[in-house]
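Enquirer: Okay, handing you the structure first.
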Amino acid sequence: MAASAGLAVVGLGFALRRARQTLLPQRVPLLGLAAAFVFAAQMLNFPVAGGTSGHLLGGVLSAVLLGPSAAVVVMAAVVIVQCLMFADGGVLALGANLLNMAILGPVGGYAVYRLVRRLAPGTRGMVLAAAFAAWCSVVLAAVSCAGQLALSRVAPWSLVFSAMTHIHMVIGVGEGMITGLILAAILRMRPELLEPATKPSPRSGYGELVVYGLLIAGSLALFVAPFASPWPDGLEKVAATLGFASRATAHSAGMAPFPEYRLPGGQSPVWVTAWIGAIGTGVAFGLAWLLARWLIPGGVASRGRPAGGSPAKAPE
């Protein structure tokens, strides 16, 4: 776990530095929006084979829309909020979760995406490449997690590798389908999001998009997440099967204000859980947005100046 945390710190530091150099100021709110949507979407577990559920990771989707470095920032914000507010993953596993879901998944998946795009040009090729890369990102994160569990002597490599890869190859199909469908919808409605201009354009103010996007993400958390599949996700299922589920949760209980998306002390009504999820969605948006603003000293106006004109108006 210490090695995973060290690699995560190095990877996140590099991503922050790279995003600082490449992030367009007018796209800062999109990082917050992506974090909010990914956080809400990860609450929507869908059933897969054998009494197991899966959920969208969103790393490749974020990387295709924002670039790999910005996607690392987005996914890191989501993982940190899940850990510190909801004990989702545990503090001791935070470094490993950041490495797997916030770095290896988005960056490795994006590398696959770029490779497939060379073989499959056009909009259909973009959707195909993103869907396949999303599947690969889930499997890559699962293999990395299996290796970490084996090196930590939590479970034998021969068992945990087979269990993790088999179930996540199935979960990855859902990841690929969801990623492809969302990307196809964006290509139809807002294709400029996938080809950002080098300077502000009349449609580069994303205030309206962010507001509607937050409403959608909040609605998912409020009205859809309470009805998500109650089955354990892939890692939880493997942990229960191989007998290390208690070790996975032993250090996370009681350290977060809303453990398992409930009020402390026991079960909570569905509507309370829904509102807690909506609060988490807002916190994920705020953390990613603040990180993105911090990456750009001086704010939007200092770098978002159209040629020969007055400073561009910051998106609201």
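Each reported figure results from applying straightforward, stated rules to the coordinates on display, with no laboratory input. Note that the coordinates shown come from a computational prediction; the quantities given were computed from them, not determined experimentally.
Enquirer: Would you mind calculating the relative contact order of segment 1-95 from Cα pairs under 8 angstrom and at least 6 residues apart, reporting the percent as a whole number?
Expert: 35
Enquirer: At 222 nm, what value in deg cm²/dmol follows for the chain if DSSP H runs of at least 4 each add -39500 (n - 2.57) and the sum is divided by all its residues, to the nearest 500?
Expert: Result for the chain, helices only: -20500 deg cm²/dmol.
Enquirer: Amide H neighbours of Gly54 under 5 Å, counting only residues 5+ apart in sequence or on other chains, H built in-plane at 1.01 Å?
Expert: So Gly54 has HN proximity to Phe46, Val48.
Enquirer: With only alpha-carbon atoms in the gyration tensor, what are the semi-axes of the equivalent ellipsoid for segment 1-51, in Å, largest first?
Expert: Taking √(5λ) for each eigenvalue gives 28, 22, 7 Å, largest first.
Enquirer: Report the equivalent ellipsoid semi-axes for the chain in whole Å, largest first, defined as the square roots of five times the eigenvalues of the gyration tensor built from alpha carbon atoms.
Expert: Semi-axes (√(5λ), whole Å): 32, 22, 19.
Enquirer: Membrane-span-like helices in the chain: DSSP H runs reaching 20 Å or more (Cα, own axis), mean Kyte hydropathy at least -0.5?
Expert: 2-22, 28-42, 68-86, 122-151, 157-189, 270-295
Enquirer: When only C-alpha pairs under 8 Å and at least 6 residues apart count, what is the relative contact order of the chain, in percent?
Expert: 31
Enquirer: Under the definition of Cα pairs under 8 Å and six or more residues apart, what whole-number percent is the relative contact order of segment 78-216?
Expert: Relative contact order here is 20 percent.
Enquirer: Where is the GNM fluctuation largest for the chain (alpha-carbon springs, 10 angstrom cutoff): Ser137, Ser152, Ser219?
Expert: Among Ser137, Ser152, Ser219, the largest mean-square fluctuation in the Gaussian network model of the chain belongs to Ser152.
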